[in-house]
Amino acid sequence: SVRVLTGITTSGTPHLGNYVGAIRPAVAASRAQGVESFYFLADLHSLIKAQDPARTQRSTLEIAAAWLACGLDPASVWFYRQSDVPEITELTWYLTCVAGKGILNRAHAYKAAVDRNRAEGEDEDAGVTAGLFMYPVLMAADILLFNAHRVPVGRDQVQHIEMARDFGQRFNHVYGREWFTLPEAAIEEHVATLPGLDGRKMSKSYGNTIPMFVPPAELKKLVFSIVTDSRAPGEPKQTEGSALFQLYQAFATAEESAAFAQAFADGIGWGDAKQRLFDLVEREIAPLRDRYLDLVARPGDIEDTLRDGARRLRERYATPLLSQLREAVGLRDLS
Ligand code: TYM
């Protein structure tokens with residue numbers, strides 16, 4: 001069967017970008033026949049940015065509840081927390097020792113931090129941790145450990161998947177066997193990057209997100225704060241480059257999108273357009289929100305689900321593979 005794997009960093013409250021770019025396609029894919037799915041909470045990755053223990057824990061609970069509220073069935077997919085599988089951290093080291101430093105130098109997040117420092121006339125590594133630099137290796141371990149074929153992600157993560165292929169290939173080459181399957185990124189083309197309130201990519205780091213489960217009144221307020229141009233009602237509106245239109249498209253059927261594009265051409269007022277977007281998002285999110293609120297109120301149950309997932313997953317895949325890998329690289333097998 002095809003193995004599909006993806007993760008979300010537990011560094012905040014789940015937002016519509018996570019939903020459209022990761023959770024929704026992943027849950028849909030997990031229902032297909034002949035697919036084995038791996039979905040996890042990347043809490044080790046979250047330590048790179050958020051060094052706030054209470055926040056990391058809260059975020060883990062919220063993101064787990066979001067997946068479950070969106071219909072993920074923990075009995076039919078692997079659903080776990082990254083840090084509950086210590087084999088991931090161990091594999092990270094073996095991959096670190098074959099990963100080219102030059103490749104890591106080119107990672108977008110690391111490069112952006114260095115470039116920012118340079119532009120500000122600072123030492124280029126000021127405030128840059130080795131954790132940020134190593135981010136792609138940890139992510140490669142997430143993917144390679146379970147021999148995932150497909151990794152559904154937003155476009156921002158594609159470079160990391162390519163790096164995972166590279167590290168996997170090097171490891172296979174150095175240790176003389178196809179230890180790892182080389183993964184492919186899977187992007188939902190029409191929703192590749194969901195814009196945020198200001199039109200840039202919706203992202204925790206830009207502070208422009210629409211959290212998935214805010215109360216309806218707040219959701220409405222956020223939708224009404226999406227940037228638009230200054231065209232008056234009656235003037236034809238441009239769909240191209242419109243954050244409002246792209247958000248609409250991510251939640252609409254093809255016919256609804258076409259009708260909305262027509263309304264733009266006919267000069268719909270921005271207030272009306274925003275009301276239509278709000279109604280559309282609320283239609284999809286409302287039932288999920290109810291389930292979500294139910295779930296976050298029972299953190300003990302979520303904790304049990306996550307632990308049970310990791311325990312079974314380690315037994316089935318992680319522990320046996322790591323014992324083979326230890327031998328392959330010339331270390332003692334612990335078992
Ligand atoms: P993260 O937590 O930043 O985002 C989780 C997923 O949501 C997608 N996403 C978006 N998609 C469309 N539009 C947006 N505005 C938007 N914002 C976020 C991301 O592309 C991602 O798919 N490094 C990863 C987590 C991770 C992972 C992995 C993913 C760790 N290990 C292994 C796949 C496989 C991250 O920080 O995603």
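The C-alpha atoms of the chain define a longest principal axis, and helix 270-296 lies at about 40 degrees to it. Answer rounded, prolate or oblate for the range 257-335, using the Cα gyration tensor with square roots of eigenvalues a ≥ b ≥ c: rounded when a/c is under 1.5, else prolate when a/b is larger than b/c, else oblate. Verdict is oblate for the range 257-335.
With respect to the chain, whose longest principal axis is taken over its alpha-carbon atoms, helix 254-265 is tilted by about 50°. Computed packing ranks the peptides 308-314, 159-165 as 159-165, 308-314, most packed first, by mean other Cβ atoms within 10 Å. Label sites at Ser323 and Ser230, each approximated as a point 7 angstrom past Cα along Cα to Cβ, lie 7.0 nm apart. Comparing mean-square fluctuations of Asp290, Asp301, Asp229 from a GNM of the chain with C-alpha springs under 10 Å, the top value falls on Asp229. Neighbours of Ala22 by Cβ distance under 14 Å: Lys/Arg scored +1, Asp/Glu scored -1, total +2.
Measuring r between the beta carbons of Asp308 and Arg177 and using R0 = 51 Å, the FRET efficiency lands at 0.95. The Asp125 and Asp279 beta-carbon pair, evaluated with R₀ = 45 Å, returns a calculated FRET efficiency of approximately 0.40.
Is the range 109-223 rounded, prolate or oblate when judged by the Cα gyration tensor, a ≥ b ≥ c being the square roots of its eigenvalues, rounded requiring a/c under 1.5 and prolate requiring a/b larger than b/c? It comes out oblate by the Cα gyration axes.
Restricting to DSSP H runs of at least four residues, report the calculated mean residue ellipticity at 222 nm for the chain, -39500 (n - 2.57) per run over all residues, nearest 500 deg cm²/dmol.
Values: 14 runs with 174 residues, N = 335.
Rounded to the nearest 500, it is -16500 deg cm²/dmol.
The residue among Leu293, Trp270, Thr239 whose Cα reaches farthest toward the positive pole of the charge dipole of the range 213-294, with charges on the beta-carbon of Lys, Arg, Asp and Glu, is Leu293. Taking every alpha-carbon pair in the range 213-294 and binning the separations at 5 Å intervals from zero gives 3, 15, 26, 24, 16, 9, 4, 2, 1 percent.
A simple spin-label model places pseudo-atoms 7 Å from Cα toward Cβ; at Thr253 and Ser76 they are separated by 2.4 nm.
Axis of helix 108-119 versus longest Cα principal axis of the chain: the two differ by about 70°, to the nearest ten degrees. The amide H of Thr181, built 1.01 Å from its N in the peptide plane, has Asn147 as neighbours under 5 Å, considering only residues 5 or more places off or on other chains.
Could you tell me the calculated FRET efficiency between Asp272 and Gln159, based on Cβ-Cβ distance and R0 = 56 angstrom, to the nearest 0.05?
Computed FRET efficiency for Asp272 and Gln159: 0.90.
Positive-end ranking of Cys97, Gly196, His108 along the dipole of the chain, with charges on Cβ about the Cα centre, is headed by Cys97.
Looking at the square roots a ≥ b ≥ c of the eigenvalues of the Cα gyration tensor of the range 52-95, which shape do they give, rounded for a/c under 1.5, prolate if a/b is larger than b/c, or oblate? It is oblate, given that a/c is not under 1.5 and a/b is not larger than b/c.
Read-outs: derived from the displayed coordinates by stated rules, not from any lab. Quantities reported herein were computed from a predicted structural model and do not represent experimental measurements. Neighbour counts are summed over all protein chains in view; Cβ atoms, including those assigned to glycine, are modelled from backbone coordinates with ideal geometry.
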